[in-house]
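Notes follow the structure.
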Amino acid sequence: MSSTKGTKLLSYIIVLLMLSLYLFPLFYLFNVSMKTQSEYLIDPVAIAKGLRLENFMDAWEKGNFSQYMWNSILYTGVSTLLTLVISVFAAFPLARGYVKFSTFFYVFFLISMYLPNPLIPQFALINSLGLYNTQLGFILLKTTGTGIAFLMFVGYIKSVSRELDEAAAMDGCGYSRYLFTILVPLMKPVLATGIILTAIGAWNDIIGPTIYLSDPAYQPVTKGLFSFYGQYMNNWPLLACGILIVTLPLVILYIFLQRFIVGGAMAGAVKS
Amino acid sequence: MYPFGKGAARLMPYLLLSIPVLLYLLLGFGPSMVTVLFSFTNASGVPGQTWNFVGFENYMTFFTSSDSGDRIASIGRSLYFAVAVVVIQNAVGLFMAVIINKKLKGDVFYRAVFFLPVVLGVTVSGLIWQLIANPLGGPAQAMMNFFGTSSNFFGDYDIAFELIIFVQIWMYMGYSMTIFLAGLQSIPNDLYEAGYMDGASGWKAFKNITFPMIAPSFTVNMLLSIIGALQTFDIIYVLTGGKFNTTTLAFDVYATAFGSGTSDYGLASAVAMIQFLFVFTVSMIALYYLRRREVEM
């Protein structure tokens with residue numbers, strides 16, 4: 001089996017090369033963040049002379065990141081929660097066929113992927129409702145019951161036995177009580193992945209805040225980081241700290257949740 | 001059969017379903033349809049200006065005005081972007097999935113690392129590559145110096161767009177790979193054993209067993225990346241802001257409606273409609289061939 005050994009070795013080499021393409025940028029980012037501006041200007045690629053954690057404090061204050069972080073947490077938290085609840089409202093009856101024209105509604109939701117870009121009338125609408133530059137308006141825009149979570153839920157609910165509905169109904173359980181006290185706990189794995197994928201999408205949005213939130217006090221961390229970049233374009237050590245500040249919470253969260261995330265991406269893609 | 005009672009109780013699912021339906025009608029489907037209307041008007045974001053029906057004027061403007069060279073070029077660029085991203089991202093994704101599926105040590109770690117850019121998001125990923133490509137002495141420049149040339153990278157008319165394509169593929173390769181991995185892991189091992197008996201190993205086994213068996217995840221990946229690539233513009237916004245010959249149709253919609261100094265909703269809606277026809281046609285053709293491949297096997 002020497003050929004297998006050879007291909008295994010080759011596989012490791014390819015993976016290693018690919019890994020460096022993904023990890024080098026992060027190491028380099030960290031390296032730059034530990035430099036002083038003059039150190040960076042003299043030799044940007046050289047290894048930093050030591051840990052300079054005060055750079056982070058500096059970037060945190062100059063970039064006003066506490067405000068931006070709080071906004072991101074608010075938008076991501078509320079819109080993800082609402083999206084999940086609304087997706088359950090839509091997914092359960094459509095997966096079971098408990099409403100007339102279930103298939104029609106399912107396809108109606110599904111075609112949202114193909115429809116003409118709604119960006120412009122959406123903006124005109126939000127504007128005329130007086131919701132431009134408001135936190136409520138932005139949360140509303142980020143809330144939808146037709147996205148990836150909905151599609152995953154439909155697939156998952158189909159695998160939950162229909163007899164469970166009947167048994168619960170026989171015991172006098174009502175529709176909404178069934179949803180929240182029986183179905184939702186059963187959906188834990190798919191809920192976890194739905195939460196993560198929805199939250200990643202909401203947290204990372206840059207176009208939405210650019211269009212809808214002109215007041216820096218309401219902007220999330222993506223927009224904040226981008227403005228910070230525009231402002232300190234030539235001070236890369238400071239910028240690198242800013243990028244890392246935005247990156248770190250996500251990376252830490254990702255390390256804990258990565259099994260769910262990767263598993264969820266698979267489930268979402270294959271079951272829908 | 002609906003088990004949760006009769007009469008008023010029968011209305012509960014409708015009541016709860018009406019929330020997502022209304023939200024979608026108001027903020028998704030409705031605005032999409034209004035885009036069609038807008039594309040035939042001179043609607044604009046200038047306050048106080050009246051909106052009139054202008055027929056196909058916006059479409060004419062797209063194809064015949066003085067700056068329509070750029071707009072028409074953006075159609076070609078959208079197609080170029082989509083083909084490059086779809087082909088390379090899925091080829092590399094499939095290749096890496098096959099390799100990682102060989103039960104290498106540390107496979108969970110590799111999967112996590114390749115998926116990481118999706119979590120970091122487009123702003124962070126974009127700025128990281130800006131840092132690397134910094135023409136004033138970033139590592140990319142250091143490499144160029146080694147070969148005795150230099151480049152302005154994202155500020156270079158000749159290669160800025162290719163660099164954007166590279167960053168896009170870097171960001172989403174792991175996503176494609178993950179979906180392929182799911183497909184690969186659903187193939188029963190006996191198939192390979194039976195194939196081995198019949199003399200199918202290596203490339204032959206891949207062509208005759210693996211590739212047909214992952215047809216569903218292949219379809220999903222192709223469709224997701226075609227639709228995604230044709231509609232993506234946030235990466236362009238972050239990396240070049242559409243300068244240096246990097247606009248696509250999707251970016252043009254944004255720039256015409258919300259760019260600095262312009263708010264031509266009518267024209268932007270017409271661009272959105274052209275983009276829609278483009279996305280719809282390409283994805284329907286792709287779907288037709290992909291489905292046929294799934295049926296054949």
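The values are calculated or read from the model by the stated rules, or taken from the named source; none is laboratory data. None of the values given here were measured: they were computed from a predicted structure. All Cβ positions, glycine included, derive from the backbone under ideal geometry; neighbour counts span all protein chains shown. Side chains are part of the model used for accessible areas, which takes the heavy atoms of the whole protein and leaves out ligands, DNA and RNA. Shrake-Rupley method; radii C 1.70, N 1.55, O 1.52, S 1.80 Å.
Counting only other chains, what is the mean number of Cβ atoms within 10 angstrom of the Cβ of each residue in peptide A:87-100?
Numbers: counts 1, 2, 8, 9, 2, 3, 6, 3, 0, 4, 2, 9, 8, 2.
That works out to 4 on average.
Can you pull the one-decimal nm distance between simple spin-label points at A:F101 and B:L136, each 7 Å off the Cα toward Cβ?
The answer from the label model is 6.0 nm.
Could you compute how much accessible area chains A and B hide from each other, both sides summed, with a 1.4 Å probe? Nearest 100 Å² is fine. The partial results should precede the final answer.
Details: alone 16750 and 17630 Å², together 25970 Å².
Buried surface at the A/B interface: approximately 8400 Å².
Mind giving me the FRET efficiency for A:K49 and A:V251? R0 is 22 Å, r the Cβ-Cβ distance, nearest 0.05 is fine.
Working from the Cβ atoms, E equals 0.35.
Other chains' Cβ within 10 Å of A:252-259 residues: what's the mean?
3
At a Cα cut-off below 27 Å, give the lysines reachable from B:K105, other chains included and same-chain residues fewer than 8 away excluded.
A:K5, A:K8, B:K204, B:K207
Using the Cα gyration tensor of chain B, with a ≥ b ≥ c the square roots of its eigenvalues, what is the shape: rounded (a/c below 1.5), prolate (a/b larger than b/c) or oblate (neither)? Spell out each step's value before the answer.
Numbers: a/c = 2.02, a/b = 1.17, b/c = 1.73.
Oblate shape, in that a/c is at least 1.5 and b/c is the bigger or equal ratio.
May I ask you to give the percent of accessible area on region A:59-271 that is carbon plus sulfur, with a probe radius of 1.4 Å?
Answer for region A:59-271 is 67 percent, counting heavy atoms of protein chains only.
Which residues does a label at A:L74 reach in region A:210-240, if reach means a backbone N under 14 Å from a point 7 Å past the Cα toward the Cβ?
In region A:210-240, the label zone of A:L74 (backbone N under 14 Å from the point 7 Å along Cα→Cβ) covers A:213-221.
Could you work out the Kirkwood radius for the protein assembly as shown, taking every pair of different alpha carbons, averaging 1/r and inverting it, reported in Å?
25.7
Which residues among region A:61-104 fall inside the zone where the amide N is under 17 Å from a point 7 Å beyond the Cα of A:K188, along Cα→Cβ?
Within reach of a label on A:K188, which here means backbone N under 17 Å from a point 7 Å along Cα→Cβ, region A:61-104 contributes nothing.
What does the structure give for B:108-118 when I average, per residue, the other chain Cβ atoms found within 10 Å of the residue Cβ? Write out the running numbers ahead of the final one.
Numbers: counts 3, 3, 5, 4, 6, 8, 6, 6, 10, 3, 8.
Counting Cβ atoms of other protein chains within 10 Å of each residue's Cβ and averaging gives 6.
Share of region B:197-297's accessible area from carbon and sulfur, percent, 1.4 Å?
After summing per-atom areas, the C and S share lands at 64 percent.
Mind checking which of B:A205, B:A133, B:A194 has the largest fluctuation in a GNM of chain B, springs on alpha carbons under 10 Å?
The residue that fluctuates most here is B:A194.
Once phi is turned into θ = phi - 60°, what whole-Hz ³J(HN,Hα) does the Karplus curve with 6.51, -1.76 and 1.60 give for every residue of region A:9-21, x standing for Gly and Pro?
Karplus-based 3J(HN,Hα) across region A:9-21 equals 4, 4, 4, 4, 5, 4, 4, 5, 4, 5, 4, 5, 5 Hz.
Using only alpha-carbon positions, what ratio does the radius of gyration of region A:16-96 give when scaled by 2.2 N^0.38 Å?
1.82
Net charge within 14 Å of A:N204 by Cβ-Cβ distance, Lys/Arg positive one each and Asp/Glu negative one each, not counting A:N204 itself?
The answer is 0.
Given A:A168, A:F150, A:L186, which one lies farthest toward the positive end of the charge dipole of region A:144-190, if we put +1 on the Cβ of every Lys and Arg and -1 on the Cβ of every Asp and Glu?
Most positive-ward Cα: A:F150.
What number of lysine-lysine pairs in region A:59-271 show an alpha-carbon separation below 17 angstrom, given a sequence spacing of 8 or more or placement on distinct chains?
5
Kindly identify chain A as rounded, prolate or oblate by the Cα gyration tensor criterion: order the square roots of the eigenvalues as a ≥ b ≥ c, call it rounded if a/c is under 1.5, otherwise compare a/b with b/c, prolate if a/b is larger, else oblate.
Here chain A falls in the oblate category.
Quick one: net charge of A:I42's neighbours, Cβ under 13 Å, K/R +1, D/E -1?
Within the 13 Å Cβ shell, the charges total 0.
Non-local amide H neighbours of B:T41 (under 5 Å, H modeled in plane, Pro and chain starts lacking H): which ones?
Correct list: B:V54.
Tell me the accessible surface of A:W70 in square angstrom (1.4 angstrom probe, heavy atoms of protein chains only), to the nearest ten.
Probe radius 1.4 Å; accessible area of A:W70 about 140 Å².
Springs between alpha-carbon pairs under 10 angstrom, Gaussian network model over chain A: which of A:I42, A:I148, A:I139 fluctuates most?
Comparing A:I42, A:I148, A:I139 in a Gaussian network model of chain A, the most mobile one is A:I42.
Please calculate how many Å² of accessible area the protein assembly as shown carries per residue, with a 1.4 Å probe and no DNA, RNA or ligand atoms counted.
Per residue, the protein assembly as shown has 46 Å² of solvent-accessible surface.
Hey, in the GNM for chain B with a 10 angstrom Cα cutoff, which one of B:G93, B:G174, B:G55 fluctuates hardest?
Maximum among the listed residues: B:G55.
For region A:52-115 and region A:202-234, what is the centre-to-centre distance using only Cα atoms, to the nearest Å?
That distance is 18 Å.
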